[in-house]
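Visitor: Below is the structure I would like to discuss, written out as structure tokens.
The values are calculated or read from the model by the stated rules, or taken from the named source; none is laboratory data. Every value quoted in this text rests on a predicted model; they were computed, and no experiment measured them. Cβ atoms come from the backbone with ideal geometry, glycine included; neighbour counts cover every protein chain shown.
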């Protein structure tokens, strides 16, 4: 009669109300729905930051004459954005990754002098504070994480990355999180 996929919480409640069974079933259903929602929230909160999706969607403004009004949709995992679009323009290794390779002499990023400046840039980027060139060319419908981590979780993730201290010493924090160029 009903497929499991079509029977959502809203549909079930509407069905029970229509049949006059909502009040009677409420005592039985509500705790189960609440438990399912709590389990779902706990699962989302436990998802590692690198695998969370970051949305970058909208359309180009008139500042991009050749693409004005064209839509863009560049949602990707945080790891993809960081790795492949050079939002962190230095070599690093994530200790939460099972294939993590840490070169000899590398230190955790939080132990370097540039950590605070780069962390500030990252949090600004996540909050939608982008360079002027990016802002002028993009009109965002959606920008940010689907399942946003807390600022403390983002700081902890960034601080735990393994980095080459010599490479970080030469780093200009303004080069970090300037906005990806697609």
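Visitor: What number of residues within segment 78-92 satisfy the criterion of being at pLDDT 80 or above, surrounded by fewer than 16 Cβ atoms within 10 Å (Cβ to Cβ) and either touching a strand residue (DSSP E or B) at 6+ places or on another chain (Cβ under 8 Å) or not in a loop (DSSP other than H, G, I, E, B) (or both)?
Guide: 2
Visitor: Here's something else I'd like to know. Could you say whether any residue in segment 9-28 is touching a residue at least 12 places away in the same chain (Cβ under 8 Å) and under 30 Å from residue 138 (Cα atoms)?
Guide: Within segment 9-28 (the criterion being touching a residue at least 12 places away in the same chain (Cβ under 8 Å) and under 30 Å from residue 138 (Cα atoms)), the answer is no, since none of the residues qualifies.
Visitor: Considering only residues that are surrounded by 15 or more Cβ atoms within 10 Å (Cβ to Cβ) and within 16 Å of residue 171 (Cα to Cα), which ones fall in segment 93-109?
Guide: Within segment 93-109, 106, 108, 109 qualify.
Visitor: Return only the number of the condition from (1) in contact with a strand residue (DSSP E or B) (Cβ under 8 Å, 6 or more places away or on another chain); (2) assigned to a loop (DSSP other than H, G, I, E, B); (3) surrounded by 15 or more Cβ atoms within 10 Å (Cβ to Cβ) that residue 140 does not satisfy.
Guide: The number of the failed condition is (2).
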